[in-house]
Amino acid sequence: MNVLVTGGAGYIGSHTCVQLIEAGMTPIIFDNLYNAKSAVIDRIEKITSNRPVFVKGDVRDKQALVDVMTNHNVDAVIHFAGLKAVGESVEKPLEYYDNNVNGTLVLADAMREAGVKHIVFSSSATVYGDPASVPITESFPTSATNPYGRSNSWLKNV
Ligand SMILES: NC(=O)c1ccc[n+]([C@@H]2O[C@H](COP(=O)([O-])OP(=O)(O)OC[C@H]3O[C@@H](n4cnc5c(N)ncnc54)[C@H](O)[C@@H]3O)[C@@H](O)[C@H]2O)c1
């Protein structure tokens with residue numbers, strides 16, 4: 001199975017690529033290297049003796065996504081390409097919405113055009129705020145994470 005891994009040069013994405021290779025699948029890494037280095041591809045090769053295809057590109061670039069999915073006969077997508085720093089997201093909300101929300105919409109549109117129907121989306125436990133207990137389950141109420149500390153009382157002050 002050929003799996004397009006957006007953000008595949010990042011922390012979770014690169015580890016996922018190693019696991020995919022070890023499970024006999026073929027990851028195709030698509031990453032703009034905003035928060036990663038291309039040396040990650042060398043490390044994946046060193047660990048697995050298998051060098052994944054790497055395409056430098058941005059998930060807001062629909063044509064680049066359609067091209068990579070078509071050229072590599074992609075069967076499924078795992079979507080890790082995103083910005084994830086809670087504090088920075090408060091300082092730069094428009095940039096985060098553009099990268100994360102718009103990027104995901106463009107990816108979905110490109111998948112539709114390329115006929116790719118399977119996606120795993122990497123969300124974040126931060127959507128549950130500070131949970132009342134752990135482990136968190138998907139039925140927990142969503143909330144916000146305080147970028148300044150543990151309590152959510154900051155929400156009342158902004
Ligand atoms: N790190 C964690 O503990 C954790 C836990 C759960 C979920 N997640 C989620 O998994 C995803 C990846 O997290 P991570 O920790 O690996 O982050 P990361 O920053 O290491 O990886 C994200 C990768 O996406 C790339 N990227 C960002 N914007 C892009 C764009 N517009 N186009 C193409 N590539 C782009 C970056 O260059 C980077 O390589 C995030 O959505 C994060 O919220 C992370």
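The values are calculated or read from the model by the stated rules, or taken from the named source; none is laboratory data. Quick caveat, the model's predicted, so the values are computed rather than measured. Because the Cβ atoms are built from the backbone with ideal geometry, glycine has one as well, and the counts that use them run over all protein chains shown. Only protein heavy atoms, including side chains, enter the accessible area calculation; ligands, DNA and RNA are left aside. Shrake-Rupley method; radii C 1.70, N 1.55, O 1.52, S 1.80 Å.
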* What are the pairs, 6+ residues apart or on separate chains, where a residue within the stretch 47-73 that is among the hydrophobic types (A, V, I, L, M, F, W, C) has its Cβ under 8 Å from a residue that is open to solvent by 70 Å² or more (accessible area, probe 1.4 Å)? -> V66/E113
* Would you please list the contacts, defined by Cβ atoms under 8 Å and residues six or more apart or on different chains, that run from a residue in the stretch 34-46 that is within 12 Å of K56 (Cα to Cα) to a residue that is more than 12 Å from the ligand (Cβ to nearest atom) and open to solvent by less than 100 Å² (accessible area, probe 1.4 Å)? => I41/P52
* To do: Please verify whether the stretch 142-155 includes one or more residues that are among the aromatic types (F, W, Y), outside any helix (DSSP H, G or I) and modelled with pLDDT of 95 or more.
  => no
* Asked: Can we say D75 is surrounded by 13 or more Cβ atoms within 10 Å (Cβ to Cβ) and more than 14 Å from the ligand (Cβ to nearest atom)?
  -> yes
* **Single residue of the stretch 82-115 satisfying the filter (among the acidic types (D, E) and under 19 Å from Y34 (Cα atoms)) that is farthest from the chain's Cα centre (by Cα)** => E91
* Asked: Yes or no: K84 within 9 Å of the ligand (Cβ to nearest atom), at pLDDT below 95 and outside the structural domain of N146 (by TED's automatic domain parsing)?
  -> yes
* **Residue among D67, D61, D31, D42 that is near the ligand (Cβ under 9 Å from one of its atoms) and out of contact with any strand residue (DSSP E or B) (no Cβ under 8 Å at 6 or more places or on another chain)** => D61
* **Every residue from the stretch 116-132 that is within 16 Å of the chain's Cα centre (by Cα), away from the ligand (no atom under 12 Å from the Cβ) and closer than 21 Å to S89 by Cα** => none
* Structure fact -> Over the stretch 16-42, the set of residues surrounded by 13 or more Cβ atoms within 10 Å (Cβ to Cβ) and part of a helix (DSSP H, G or I) is T16, C17, V18, L20, I21, V40, I41
* Report, by residue number, each residue of the stretch 3-15 that is farther than 26 Å from G115 by Cβ and assigned to a loop (DSSP other than H, G, I, E, B). => G10
* Return yes when I47 is of a type in the set (V, I, T), open to solvent by 40 Å² or more (accessible area, probe 1.4 Å) and part of a helix (DSSP H, G or I) and no when it is not. => yes
* Count of residues meeting criterion [in contact with a helix residue (DSSP H, G or I) (Cβ under 7 Å, 6 or more places away or on another chain) and in a loop (DSSP other than H, G, I, E, B)] in the stretch 59-70 -> 2
